[in-house]
1. Rounded to the nearest 500, what is the chain's calculated 222 nm mean residue ellipticity when only DSSP H runs of at least 4 contribute -39500 (n - 2.57) each, over all residues?
2. If the only charges are +1 at each Lys and Arg Cβ and -1 at each Asp and Glu Cβ, what is the size of the charge dipole of the chain around the Cα centre, to the nearest 20 debye?
3. Rank by packing, highest mean first: peptides 220-227, 156-163, 138-145, 41-48, with packing defined as the count of other Cβ atoms within 10 Å averaged across residues.
4. For region 354-363, what does the Karplus curve 6.51 cos²θ - 1.76 cosθ + 1.60, with θ = phi - 60°, yield as ³J(HN,Hα) per residue in whole Hz, taken in order and with x for Gly and Pro?
5. Could you give the accessible area per residue of region 3-231, probe 1.4 Å, as a whole number in Å²?
6. For Gln294 and Ser230, calculate 0.36 nm times their separation in residues minus their Cα-Cα distance, and state this gained length in nm to one decimal.
7. Which order do peptides 251-263, 87-99 fall in by mean Cβ count within 10 Å, highest first?
8. For Asn331, what charge total do you get from the other residues with a beta carbon under 15 Å from its beta carbon, if Lys and Arg give +1 and Asp and Glu give -1?
Amino acid sequence: MCGIVGVYNHKESSTLAYLCLYALQHRGQEGGGIVSFDGKKTHLIKEHGLISDIFSKKEKLASLKGSIAIGHNRYSTHGENLYNNIQPLQFKFQGADISIAHNGNLVNLKKIRERLEKKGTIFQTTSDTEYFIHLFSHAHGKTIEKKFLSAFQQLEGSFSVIIMYNDKLIIARDKYGIRPLCCGRINDSLIFASETCALDLIGAQYEREIKPGEMLVIDKSGEHSYKIASANPKHCIFEYVYFSRPDSKIFGDSVDKIRRKLGKNLAIEKPTKGADRVISVPDSSNTTAIGYSQRSDARFEIGLIRNHYIGRSFIEPQQQLRDFSVKIKFNTIEGVLTNRKIVIVDDSIVRGTTLKKLIRIIKKTNPKEVHVRIGSPPVKYPCFYGMDFPSKEELIANSKSVEEIRKYIDADSLEFLTIGGLLDSVSLPRDCFCTACFSGKYIEPIEKEDK
Ligand code: 5GP
Ligand code: MG
């Protein structure tokens with residue numbers, strides 16, 4: 001998962017890119033960067049860490065001159081957390097500067113890699129994003145547009161990408177539109193971003209989504225739209241469940257609205273009789289939990305407080321503290337929990353570690369009962385399209401039944417939303433979504449190497 005941004009024709013392009021990345025920080029916290037073009041050359045700053053830390057000094061942003069900029073927040077799903085893999089990646093091609101920011105995960109790359117390496121291609125990173133540029137450079141087309149089109153047509157998997165080619169911006173989305181990507185405007189400036197919450201922050205007017213299978217080229221001559229390929233959309237439903245911010249609009253719908261509906265459907269499908277309070281696991285399940293309480297007799301309360309200031313590392317006391325890893329992030333509110341029948345609504349269970357630890361600290365407040373309701377079906381299958389779902393073996397629902405998971409997390413009851421309830425929550429037709437992590441139905445067959 002990652003967040004991407006592109007700014008075209010704005011005198012403060014890098015500052016706008018920075019602000020957009022700030023709004024998209026939830027999509028990746030490992031590293032980030034911005035590259036700008038000043039009409040003659042590019043300027044790049046990228047680093048490990050959060051955007052506000054990378055650009056903590058004004059001079060850094062000021063050094064990214066020019067009216068075009070692209071940026072990226074990294075969450076590694078392909079390739080390790082190495083400096084070289086932090087984006088935007090930069091390349092030189094026949095005297096031009098190419099920079100690329102990619103959200104998604106390419107699949108079935110083995111054959112392409114073999115073919116490219118036979119031709120002498122030297123891969124510089126362990127990130128899949130490099131393939132766009134190598135395929136572009138080897139493509140036969142006469143124009144830049146044709147060459148990029150050819151590269152996009154050869155690649156499978158998910159990609160929302162923003163490329164800066166000197167003073168051109170090339171924006172593309174895979175034919176299934178797996179990851180979100182939208183476009184907004186401030187007067188004559190165009191802004192591209194993973195989610196609309198980035199446009200809101202900088203006061204850009206939302207225009208539209210980049211269409212699945214669309215390549216858009218922006219340059220001095222205007223905006224030109226090309227078709228990479230067409231297919232029935234397969235948007236990632238997990239963007240609604242967990243990943244996107246509730247204040248964003250993606251795949252044509254408000255995330256808040258869909259997430260509330262997930263909670264409502266969960267309450268209808270899996271009610272908790274006689275519950276006193278509904279609580280969320282902040283922040284990711286807040287909206288789902290509110291939806292649940294709206295369709296239940298129990299009212300929503302804040303029973304867990306999250307510390308928002310946890311950096312990548314903290315100094316642990318030498319003496320081992322029990323439950324330290326969860327307590328550093330969450331604390332309980334006794335007044336809400338003690339002697340009550342509690343429903344904890346979370347958005348998803350992946351490894352099951354969060355809830356196991358949370359229930360242990362919740363039980364210290366002596367609640368009457370602890371019931372768990374999950375706003376999505378059990379995650380049973382790995383995602384090859386960019387969600388950080390580990391191997392089958394690490395997914396608790398792949399090897400354990402619901403009853404076994406309930407015992408493992410030590411809840412009084414555990415229930416999940418069904419796939420039917422999940423698909424009933426979205427507005428687009430059901431077949432417009434990829435549900436592979438829940439259903440095992442992948443969009444295309446995945447080669448062994450990728451598995
Ligand atoms: P678990 O503890 O079961 O492994 O993960 C579930 C928790 O992690 C949930 O609270 C959910 O909000 C969050 N979560 C779900 N998917 C992801 C993901 O792809 N990345 C990260 N960092 N957290 C996730
Ligand atoms: Mg969570």
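The values are calculated or read from the model by the stated rules, or taken from the named source; none is laboratory data. Just so you know, these numbers come straight off a predicted model, no measurement behind them. Glycine gets a Cβ as well: all are built from the backbone with ideal geometry, and neighbour counts include every protein chain shown. Areas reflect the complete protein model, heavy atoms only, side chains present, ligands, DNA and RNA absent. Shrake-Rupley method; radii C 1.70, N 1.55, O 1.52, S 1.80 Å.
1. -7000 deg cm²/dmol
2. The calculation lands at about 280 debye.
3. Answer by packing, highest mean first, reads 156-163, 41-48, 138-145, 220-227.
4. Values per residue, Gly and Pro as x: 4, 5, 4, 5, 4, 5, 4, 6, 5, 5 Hz.
5. 40
6. 19.1 nm
7. 251-263, 87-99
8. Value of the local net charge: +4.
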